[in-house]
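Right, one structure below, let's go through it.
The values are calculated or read from the model by the stated rules, or taken from the named source; none is laboratory data. On a predicted model such as this, the values are computed, not experimentally measured, just so you know. Here the Cβ positions follow ideal geometry from the backbone for every residue, glycine too, while neighbour counts run over all protein chains shown.
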Amino acid sequence: MEYIDLKKQYSVLKDKIDKNIEKILMDSHYIMGEEVALLEKRLAEYVGVKHCVTCANGTDALSIALMVMGIKEGDAVFVPSFTFFSTAEVVSLHGATPIFVDSSPRTFNIDPDKLESAILKAKKETNLNLKAIIPVDLFGLPADFKRIRNIANKYDLLIIEDGAQGFGGSLDGKKACSFGDIATTSFFPAKPLGCYGDGGAIFTDNDDYYDLICSIRIHGKGEFKYDNVRIGLNSRLDTLQAGILLPKLEAFEEYELDERNKFAHLYTEKLKHYVKTPFIDNGYVSSWAQYTLILDNEEERDFVQKRLKEKGIPTMVYYCKPLHKQTVYKDYDFNLSELTVSESLAKTVLSLPMHPYMNGEQINDISNAVIESIEAYKNEK
Ligand SMILES: *Cc1c(COP(=O)(O)O)cnc(C)c1O
């Protein structure tokens, strides 16, 4: 059994993907070929924003967003501590200060109450210029953007939505990657919409931001490529990856997102009386980048994971270390509040196989194995 079955997906989409790859090889426009612009148009339409600019990966997408907003040394950016490293890494990369905020134990996403208290504390206790918040749509579920937007307005902060895992999710019918002043996503192969290598995209409704994003993506270009008006990056999406993503986006829209939701629902129905299953509040749709359980304690989590492995069922722990516990941030001064929820989640989460090419029988087998493992653990106690 695969944790995410990309081979199965390719076998279903093979004709369309192969045709696009062959066409691009014949054209030989490997950089910024016509598929790139077409994909950007489709992505912007899907998400419902004015502009989409693709780039080399989801980390660069965040980096470009920070550069567009002019975030630099002396600035503070609020980030969840329970997320992938990139979310905070880019803040430090540009010399600014990430301030870690704890997550909600129900949604895994940044906790708006704790965000507001971290902002107040940072105002009082630091000399930093408070600039932005990077909420993450963790495991596919949009963050609480209604409350986060109010907080951002109240304290005059910008929002960068890290939608690397969120693409396809929605809140009150509005799609993920449309909630930030700038939003970003990743096409890393294992994400809800993945390519066959690295890739990413940036979304915005703001025309001035759009111009800056286009410039920064290609060496800070001005009128043309050899006119450089600012420091930028080399961060384009390969034409080949755009050609692979076009049919994948079609499948994602037509049935993959629905299939993910169908399987998540089946898992929850099977498991909800035995273990803490993911909580999706009214109005929210997840794209199920991960289907993540919360066990009672670390010992039980590790026991269940080991037992599932013995039964041939792959699982993952996202994330086993909150960011403020990472070696690089170990002696760091700006953890202004308790981060106990993210510390506890790191010890108790377990993600099950999730992709759109599963079947009901597999969900049943995995769920039964989870239930059996939990019972075996309880019996041993
Ligand atoms: C994957 C991921 C990224 C980075 O994307 P890459 O394309 O791997 O650079 C950033 N943030 C989150 C939350 C992610 O899951």
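State whether one or more residues within the range 23-36 are farther than 30 Å from Ile313 by Cβ and among the small types (Gly, Ala, Ser).
Scanning the range 23-36 turns up at least one residue that is farther than 30 Å from Ile313 by Cβ and among the small types (Gly, Ala, Ser).
For the range 32-70, name all the residues that are touching a Lys or Arg at 6+ places or on another chain (Cβ under 9 Å) and either within 16 Å of the ligand (Cβ to nearest atom) or among the charged types (D, E, K, R) (or both).
Listed by number, the residues that qualify are Glu35, Cys52, Val53, Thr54, Cys55, Ala56, Gly58, Asp60, Ile64, Leu66, Met67.
Counting only residues that are out of contact with any Leu (no Cβ under 6 Å at 6 or more places or on another chain) and either among the acidic types (Asp, Glu) or away from the ligand (no atom under 16 Å from the Cβ) (or both), how many does the range 105-119 have?
Qualifying residue count, the range 105-119: 10.
Okay, residues lined up against (1) part of a helix (DSSP H, G or I); (2) surrounded by fewer than 23 Cβ atoms within 10 Å (Cβ to Cβ); (3) hydrophobic (A, V, I, L, M, F, W, C):
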position	(1), (2), (3)
Lys146	yes, yes, no
Arg149	yes, yes, no
Ala152	yes, yes, yes
Gly166	no, no, no
Pro189	no, yes, no
Tyr196	no, yes, no
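Which condition number does Ser178 fail, the rest of (1) within 12 Å of the ligand (Cβ to nearest atom); (2) more than 20 Å from Pro353 (Cβ to Cβ); (3) of a type outside the set (Asp, Glu); (4) part of a loop (DSSP other than H, G, I, E, B) being met?
(1)
When both residues are 6+ apart or on different chains and their Cβ atoms are under 7 Å apart, which pairs have a first residue that lies in the range 177-188 and is farther than 10 Å from Leu62 by Cβ, and a second that is assigned to a loop (DSSP other than H, G, I, E, B) and acidic (Asp, Glu)?
Close Cβ pairs satisfying both conditions: Phe188/Asp198.
Have a look at Asp205, Asp162 and point out the one that is of a type outside the set (Val, Ile, Thr), more than 16 Å from the ligand (Cβ to nearest atom) and closer than 23 Å to Ser287 by Cβ.
Only one candidate qualifies: Asp205.
Of the conditions (1) part of a helix (DSSP H, G or I); (2) closer than 19 Å to Ala65 by Cβ, Asp156 fails just one. Which one is it?
(1)
Report yes if Ile133 is touching a helix residue (DSSP H, G or I) at 6+ places or on another chain (Cβ under 7 Å), within 16 Å of the ligand (Cβ to nearest atom) and either at negative phi or in contact (Cβ under 8 Å) with a residue 24 or more places away in the chain (or both), otherwise no.
Yes, satisfied.
Confirm whether Lys221 is modelled with pLDDT under 95 and either crowded, with 19+ Cβ neighbours inside 10 Å or not β-branched (Val, Ile, Thr) (or both).
When the stated conditions are applied, Lys221 does not pass them.
Here is a list of conditions, (1) out of contact with any helix residue (DSSP H, G or I) (no Cβ under 6 Å at 6 or more places or on another chain); (2) under 20 Å from Lys347 (Cα atoms), and Glu254 meets all of them except one; can you say which number that is?
Glu254 satisfies every listed condition except (2).
Would you confirm whether or not the range 357-374 contains a residue that is in contact (Cβ under 8 Å) with a residue 40 or more places away in the chain, of a type outside the set (Lys, Arg) and assigned to a loop (DSSP other than H, G, I, E, B)?
Yes, because at least one residue in the range 357-374 is in contact (Cβ under 8 Å) with a residue 40 or more places away in the chain, of a type outside the set (Lys, Arg) and assigned to a loop (DSSP other than H, G, I, E, B).
Which residues, taken from the range 78-95, are in a helix (DSSP H, G or I), within 9 Å of the ligand (Cβ to nearest atom) and either touching a strand residue (DSSP E or B) at 6+ places or on another chain (Cβ under 7 Å) or not β-branched (Val, Ile, Thr) (or both)?
Ser86, Thr87, Glu89
Could you count how many residues in the range 295-330 are of a type outside the set (S, T, N, Q), touching a residue at least 40 places away in the same chain (Cβ under 8 Å) and not in a helix (DSSP H, G or I)?
So the count comes out to 10.
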